Amino acid sequence: MNIDILLGLQWGDEGKGKIVDALSPVYDVVARFQGGPNAGHSLEFNNVKHVLHLIPSGIFHPEKLNIIGNGVVIDPAVFKKEIEELGPPLNELKKRLIISNKANLILPSHRILDAAYESSKGNSKIGSTLKGIGPAYTDKTSRNGLRVGDVLKEDFRQKYNDHLNSHLNILRSYDFKFDLKEYEKGWFEGINLLKQFPIGNTEYLVNELVQEGKKILAEGAQGTMLDVDFGSYPFVTSSNTISAGACTGLGISPKKIGDIFGIFKAYCTRVGCGPFPTELYDAVGANLRNLGHEFGSTTGRPRRCGWLDLPAMKYSIMINGITKLIMTKADVMSGFKTIKICTAYRINGEICNELPFYNDSIVEPVYTELEGWKEDITGYREFSELPSALKNFIEFIEKETSVPITMVSVGPDRKETIFRN
Ligand code: GDP
Ligand code: IMO
Ligand code: MG
């Protein structure tokens, strides 16, 4: 079992980037399997914060290989910007990163389509990051996509023009103004950079590496509640963010999967539209946002904040087959007198443990209130040092979910991590 998966159990932004970076030393390879530049994965070391969108979060470890798998959608313009801002020299990065020839490309016109669709939705907007994710995955499944492998072919420009024309035809029926040239320049520069990186059948590579006994960490993007099948549809992203997505997004058998790490914040956040049963509209919500710096890593939008939602988390644990839990950001709640955890929903007066099908259901959270802790925990490195009220909080979650919490993150830096034995 040489492939472990790490993925978000909530609505994204659980701290995946930080934890993947902190776990990288025990893996040989870090691989992204879905999503694209809608993701914003932050990690910190040496007092510098980095935000990654397309590049796997193992990239800062010189001896590790990073793979962008076939399930990812790539915007070459974003890729170029990210590579340039990363820090390590290009020659070095070319040795650390390999890209699947089967990953689909996000075209400039996909971004425009994304914006046109959203603006036509009026009050029922998804709250998309507008990175072109939906239209790119739509073209992939309708078998109209352009893939990374296509950029190496002589007829690439012709193919690009054909795709562009079909998108322009669609755009004609929308009353939407756009400037294609603005996107195209950076996009073609990005294509030139992309071509300089190793591009190949990464599914062979991944399976060979497993055969050789190398350890791979598959890094999820978004979160389970944003999964296209199991999230709060239609307020979701366009890929399978769940553990099964790692198999289709990298070309690996479920038989090869070892641990499936489920990462969650000690409270909940959501950016974009859609149901959020434990959302707080009061001063507590504002406190979580301010103390936790809850503003989108990709769009800068303020994140909606609320208490931990166990029915949603248990659902995510079930769908993914989570073997170990990782908790982040409990440090944000230091000083809270009491902390609430939603243990069930009340819908039409009935207690309910399942997530409702309809987004318009009036879901009232049923809370258990636990004592808070006063201590600043960011300096702690041992589980035994944690305040007893926080240990109670952890124990409560473990009892409810029947899954052990094996890591506790106490700050954004890679060092601010407690590995529990
Ligand atoms: P991701 O998308 O799951 O990688 O998460 P983001 O990077 O979008 O958002 C998580 C935010 O919380 C980032 O700003 C991280 O630097 C920060 N962060 C991660 N873990 C912790 C933690 O344990 N405590 C605190 N205070 N911040 C954290
Ligand atoms: P990471 O990997 C949080 C949300 C958007 C929107 C919905 C659809 O950083 O956790 P899309 O751009 O995919 O069409 O947006 O999904 N969303 C995220 N929210 N974290 C993310 O990624 C997200 N990626 C997409 O806000 O509600
Ligand atoms: Mg994020």
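Quick notes on this structure:
- Charges were assigned to the Cβ only: +1 to each Lys and Arg, -1 to each Asp and Glu. The resulting dipole of the stretch 277-421 about its Cα centre is roughly 380 debye.
- Relative to the longest principal axis of the Cα atoms of the chain, the long axis of helix 310-320 lies at roughly 50 degrees.
- Of 140/415; 49/177; 16/102; 125/214; 80/415, those spanning more than 32 Å from alpha-carbon to alpha-carbon: 140/415; 49/177; 125/214
- Here the spin labels are modelled as points 7 Å beyond Cα on the Cα-Cβ line, and at residue 388 and residue 94 they lie 6.1 nm apart.
- At q = 0.12, 0.19 Å⁻¹ the log10 of I(q)/I(0) for the stretch 340-421 amounts to -0.50, -0.89, computed by Debye summation with a single uniform scatterer per C-alpha, solvent ignored.
- Taken about its Cα centre, the stretch 137-246 carries a charge dipole of about 160 debye when Lys and Arg each add +1 at the Cβ and Asp and Glu each add -1 at the Cβ.
- Packing, taken as the mean count of other beta carbons within 10 Å per residue, orders the peptides 14-20, 398-404, 249-255 from highest to lowest as 14-20, 249-255, 398-404.
- Electrostatic bookkeeping for residue 81 treats Lys and Arg as +1 and Asp and Glu as -1; over the other residues with beta carbon under 13 Å from its beta carbon, the sum is -2.
- Debye log10 I(q)/I(0) at q = 0.08, 0.09 Å⁻¹ for the chain, Cα point scatterers: -0.43, -0.54
- Of 69, 46, 7, farthest towards positive along the dipole that unit charges on Lys, Arg, Asp, Glu beta carbons give the stretch 1-71: 69
- The amide H of residue 304, built 1.01 Å from its N in the peptide plane, has 270, 271, 272 as neighbours under 5 Å, considering only residues 5 or more places off or on other chains.
- Distance between the 7 Å Cα→Cβ label points at residue 185 and residue 295: 2.8 nm.
- In a reduced charge model with +1 at each Lys and Arg Cβ and -1 at each Asp and Glu Cβ, the chain shows a dipole moment near 700 debye about its Cα centre.
- Amide hydrogen proximity for residue 147: with H placed 1.01 Å from N in the peptide plane, the residues at 5 or more positions away or on another chain lying under 5 Å are 105.
- Mean Cα-pair separation over length for the stretch 228-364, i.e. relative contact order, pairs under 8 Å, 6 or more apart, %: 27
- With a cut-off of 9 Å between beta carbons, the residues surrounding residue 128 carry a summed charge of 0, where Lys and Arg count +1 and Asp and Glu -1.
- The Rg/Rh ratio for the stretch 323-375 is 1.10, where Rg is the radius of gyration of the alpha carbons and Rh is the Kirkwood radius.
- Cα long-axis angle, helix 388-401 against the chain (0 to 90 degrees, to the nearest 10): 60
- Spin-label pair residue 154-residue 368: with each label point 7 Å from Cα along the Cα-Cβ axis, the two points sit 6.8 nm from one another.
- Relative contact order computed over the chain (Cα-Cα under 8 Å; 6+ residues apart), in percent: 21
- Over the chain: helical MRE at 222 nm, DSSP H runs n ≥ 4 each giving -39500 (n - 2.57), nearest 500: -9500 deg cm²/dmol
Here, each number is a calculation from the coordinates, and none is a lab measurement. Fair warning: this is a prediction, and the values are worked out from it, not measured in the lab. Ideal geometry is used to build each Cβ from the backbone, glycine not excepted, and the neighbour counts take in all protein chains shown.
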